[in-house]
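Scroll down for the structure; my scribbles are underneath it.
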Amino acid sequence: MTLLEETGSIDLAGLHEFVMRRLRPDGGFAATPMQPHTIQDTFFAVDILRCLDDFRPDDLAATGDYLRDYARQHQALAVRTAFQLRRLAHHLDLPLEVHWRKGWGGRPPDYEERWYEAVLDNGRTVAPGRFAPRRRTVKELCHYLMLQRLLCPGTPAADADRMIRWLRRCQAPDGGFGFFPGTTSYIENSHYALRALALLGGRPARRDRAAAFLFSCQTASGGFSRNSRAAPFLDSSWHAVQAIRYLEGRADPS
């Protein structure tokens, strides 16, 4: 039995309706029903539907056409957009050729960018070394661990116990996770913290409170907000679904 089945606290039908209201006539998804569609929001929407086990690619034929047109018109994508477009092509079984541009404008890429590029390059990049203290947020730690898993499969992370203790300290009294210990809970931080704990073989100190925080972020619209006081969007709804899956132990954290 999954966490969703144990609690019955997530309105799955409402979440599905929230996502589908953001589908535009040409197949792309938008952050709100009145805004233009983007690859990023289309990625969030399709991945949510896939995670809900309510995914019928034949119902998204227009989305396939939208992605084909986008790939034809954009030949030098940023790595995150290229990663999302490639994942969308995989989900919809589309034979798309995706091109991306390397280089970071003279600045060093962060761990998230390095992970996207490593995935796009099939793991052909330099291992990240030890985790840099100056990048000590749950998001950066999560992407560091994802990059480490991709490039060095089967190799335990150095200082894993210390990282688990630090991540547990990031859990706030309301059950969510902040950017680092003592900061405000947000749904995206909860996703990254729970995924990082899964990569390390750890668990949150208070699983029940973590679940309660995630459930509290679902709004009457069916979508999820960053916290219980914010507006719902596709990105925060995607982070919520991912966080729930990692809390349940149902997702591959790599």
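The values are calculated or read from the model by the stated rules, or taken from the named source; none is laboratory data. Quick caveat: nothing in here was measured; it's all calculated off a predicted structure. Don't worry about glycine lacking a Cβ; one is built from the backbone with ideal geometry, like all the others, and counts go over all protein chains shown.
Here are some residues: S190, S225. Which one is within 16 Å of K139 (Cβ to Cβ) and among the hydroxyl-bearing types (S, T, Y)?
Working: S225 fails: within 16 Å of K139 (Cβ to Cβ).
Exactly one of S190, S225 is within 16 Å of K139 (Cβ to Cβ) and among the hydroxyl-bearing types (S, T, Y), namely S190.
Kindly indicate whether any position in region 74-96 is assigned to a helix (DSSP H, G or I), modelled with pLDDT under 95, under 21 Å from S225 (Cα atoms) and under 20 Å from the mean Cα position of the chain (by Cα).
No, there is no match, as no residue in region 74-96 is assigned to a helix (DSSP H, G or I), modelled with pLDDT under 95, under 21 Å from S225 (Cα atoms) and under 20 Å from the mean Cα position of the chain (by Cα).
Any chance region 107-118 includes a residue that's crowded, with 16+ Cβ neighbours inside 10 Å, modelled with pLDDT of 95 or more and basic (K, R)?
no
Looking at T137, T219, T184, which one is among the polar types (S, T, N, Q) and closer than 26 Å to P108 by Cβ?
Unique residue meeting the criteria: T137.
Does region 208-216 contain any residue that is touching a helix residue (DSSP H, G or I) at 6+ places or on another chain (Cβ under 9 Å) and outside any helix (DSSP H, G or I)?
No, region 208-216 contains no residue that is touching a helix residue (DSSP H, G or I) at 6+ places or on another chain (Cβ under 9 Å) and outside any helix (DSSP H, G or I).
Taking region 24-38 as the search range and keeping residues that are crowded, with 21+ Cβ neighbours inside 10 Å and at pLDDT 95 or above, which one is nearest to R250 (Cα to Cα)?
Looking at residues that are crowded, with 21+ Cβ neighbours inside 10 Å and at pLDDT 95 or above, I get F29.
Failed condition for M163, given (1) within 20 Å of C51 (Cβ to Cβ); (2) more than 13 Å from the chain's Cα centre (by Cα); (3) part of a helix (DSSP H, G or I); (4) not aromatic (F, W, Y), with all others met?
All conditions pass for M163, except number (1).
It is to be established whether one or more residues within region 167-178 are closer than 17 Å to R50 by Cα and either under 12 Å from the mean Cα position of the chain (by Cα) or not in a loop (DSSP other than H, G, I, E, B) (or both). Full working, then the answer.
Start the filter on region 167-178 by keeping residues that are closer than 17 Å to R50 by Cα, which leaves none.
Taking every residue of region 167-178 in turn, none turns out to be closer than 17 Å to R50 by Cα and either under 12 Å from the mean Cα position of the chain (by Cα) or not in a loop (DSSP other than H, G, I, E, B) (or both).
Just for region 193-207: of the residues that are over 18 Å from D159 (Cβ atoms) and assigned to a helix (DSSP H, G or I), which one is nearest to the chain's Cα centre (by Cα)?
L194
Determine which member of the set A82, A89 is hydrophobic (A, V, I, L, M, F, W, C), surrounded by 21 or more Cβ atoms within 10 Å (Cβ to Cβ) and in contact with a helix residue (DSSP H, G or I) (Cβ under 7 Å, 6 or more places away or on another chain).
A82
From (1) buried (at least 19 other Cβ atoms within 10 Å of the Cβ); (2) at pLDDT 95 or above; (3) part of a helix (DSSP H, G or I), pick out the condition that doesn't hold for L145.
(2) is the only condition that L145 fails.
State yes or no: is L151 closer than 23 Å to E248 by Cα and aliphatic (A, V, I, L, M)?
Against the criterion (closer than 23 Å to E248 by Cα and aliphatic (A, V, I, L, M)), L151 does not qualify.
Report yes if some residue within region 233-246 is in a loop (DSSP other than H, G, I, E, B), modelled with pLDDT under 95 and not aliphatic (A, V, I, L, M); otherwise report no.
Scanning region 233-246 turns up no residue that is in a loop (DSSP other than H, G, I, E, B), modelled with pLDDT under 95 and not aliphatic (A, V, I, L, M).
If I go through region 9-52 residue by residue, how many of them are under 18 Å from the mean Cα position of the chain (by Cα) and under 22 Å from F83 (Cα atoms)?
Of the residues in that region, 19 qualify.
Filter region 159-170 down to the residues that are among the aliphatic types (A, V, I, L, M) and touching a Phe, Trp or Tyr at 6+ places or on another chain (Cβ under 8 Å) and list them by number. I'd like the intermediate steps shown before the answer.
Applying the first criterion (among the aliphatic types (A, V, I, L, M)) to region 159-170 yields 160, 163-164, 167.
Selection gives M163, L167.
Residues of region 151-194 being of a type in the set (S, T, Y) and surrounded by 15 or more Cβ atoms within 10 Å (Cβ to Cβ), which ones? Give the steps one after another, and end with the answer.
Going through region 151-194, the residues of a type in the set (S, T, Y) turn out to be 155, 183-186, 190, 192.
If the condition is that a residue be of a type in the set (S, T, Y) and surrounded by 15 or more Cβ atoms within 10 Å (Cβ to Cβ), then S185, Y186, S190, Y192 are the ones that fit.
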